[in-house]
1. Report whether or not Arg103 is over 22 Å from Tyr133 (Cα atoms), free of Cβ contacts under 8 Å to residues at least 24 places away in the same chain and not in a loop (DSSP other than H, G, I, E, B).
2. From the list Leu146, Leu183, Leu165, Leu139, which residue is under 13 Å from the mean Cα position of the chain (by Cα) and farther than 22 Å from Arg71 by Cβ?
3. Does Thr144 count as of a type in the set (Val, Ile, Thr) and open to solvent by 30 Å² or more (accessible area, probe 1.4 Å)?
4. Exactly one of (1) part of a loop (DSSP other than H, G, I, E, B); (2) among the aliphatic types (A, V, I, L, M); (3) more than 19 Å from Tyr27 (Cα to Cα) is unmet by Leu130. Its number?
5. Would you point out the residue of the stretch 159-216, among those that are of a type in the set (S, T, N, Q) and farther than 26 Å from Gln111 by Cα, that is most open to solvent (accessible area, probe 1.4 Å)?
6. Can you confirm whether the stretch 140-153 contains a residue that is assigned to a helix (DSSP H, G or I) and of a type in the set (D, E, K, R)?
Amino acid sequence: HDLYDEREGAFLAAPEFDPGYELSGGYGYCWPRDAAVCALAMARIGSTEVARRFFEWAARTQLPSGHWYQRYWVDGTPAASWCVLKQEIQLDQTCAMVHSAGRLARLLRKQGQSFVDFFRPTAAKATQALLEYVDANYLHRSATDLWENCQGTFAYTQAGLIAALKEAHEVFGLEPERTGKQLREAMRDQLIRTFWNPDRKRWLRRLTPEGQPDTT
């Protein structure tokens, strides 16, 4: 509750404990992916209007490309963001926005249809942006990881992409021929084939932009 901006409808990631940016890049911003988690948490404890308002904020701040900046000031103006170039977009954030909006609609049940109708144009732009990142081999093309420190194809982001397309299809009814179960199963199978190592019983972190496995 303390991190929610009632005027704007967005969530701060944390109180700003380093306002002079002496030890960090600052946390007094709204990261859309993190805020979506907060919105779902609020919906689960009954504050559905708070959750709705966040997604209204998300609709206002979406980029023409269908993605979002990494972080914003709560009034919706962009803060310093560097993962916005075509080959460096933080793809998991766009996945999280579509996925969490779908989960909210499911939580709202019968009251969710008005939210679906409202958010569908935003979800459609985001879904189109995500589909542009699906390669012919059913993996996502090179993007930036969730910690913003390297590029490549990631197990986490691939899973997030599948989850987002599920909500796009089942909740928002978007491009069923391109988001449907057959595509998602192919992407899931490729996720397991590419990233799961049964001998080591662990997931590979990523493929580098050059297609090399990163076992970090």
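1. No.
2. Leu165
3. For Thr144, the condition - of a type in the set (Val, Ile, Thr) and open to solvent by 30 Å² or more (accessible area, probe 1.4 Å) - is not met.
4. Among (1) part of a loop (DSSP other than H, G, I, E, B); (2) among the aliphatic types (A, V, I, L, M); (3) more than 19 Å from Tyr27 (Cα to Cα), Leu130 violates only (1).
5. Gln182
6. No.
Residue-by-condition table, conditions (1) of a type outside the set (D, E, K, R); (2) in contact with a strand residue (DSSP E or B) (Cβ under 8 Å, 6 or more places away or on another chain):
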site: Leu63; (1), (2): yes, no
site: Glu88; (1), (2): no, yes
site: Phe118; (1), (2): yes, no
site: Val134; (1), (2): yes, yes
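Conditions tested, residue by residue: (1) touching a residue at least 24 places away in the same chain (Cβ under 8 Å); (2) in contact with a Lys or Arg (Cβ under 9 Å, 6 or more places away or on another chain); (3) of a type in the set (S, T, N, Q).
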{"site": "Asp2", "(1), (2), (3)": "no, no, no"}
{"site": "Pro15", "(1), (2), (3)": "no, no, no"}
{"site": "Gly28", "(1), (2), (3)": "no, no, no"}
{"site": "Pro32", "(1), (2), (3)": "yes, yes, no"}
{"site": "Ala35", "(1), (2), (3)": "yes, no, no"}
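The values are calculated or read from the model by the stated rules, or taken from the named source; none is laboratory data. Note that the coordinates shown come from a computational prediction; the quantities given were computed from them, not determined experimentally. Neighbour counts run over all protein chains shown; Cβ positions are idealised from the backbone, glycine included. Surface accessibility is based on the protein's heavy atoms, side chains included, excluding ligands, DNA and RNA. Shrake-Rupley method; radii C 1.70, N 1.55, O 1.52, S 1.80 Å.
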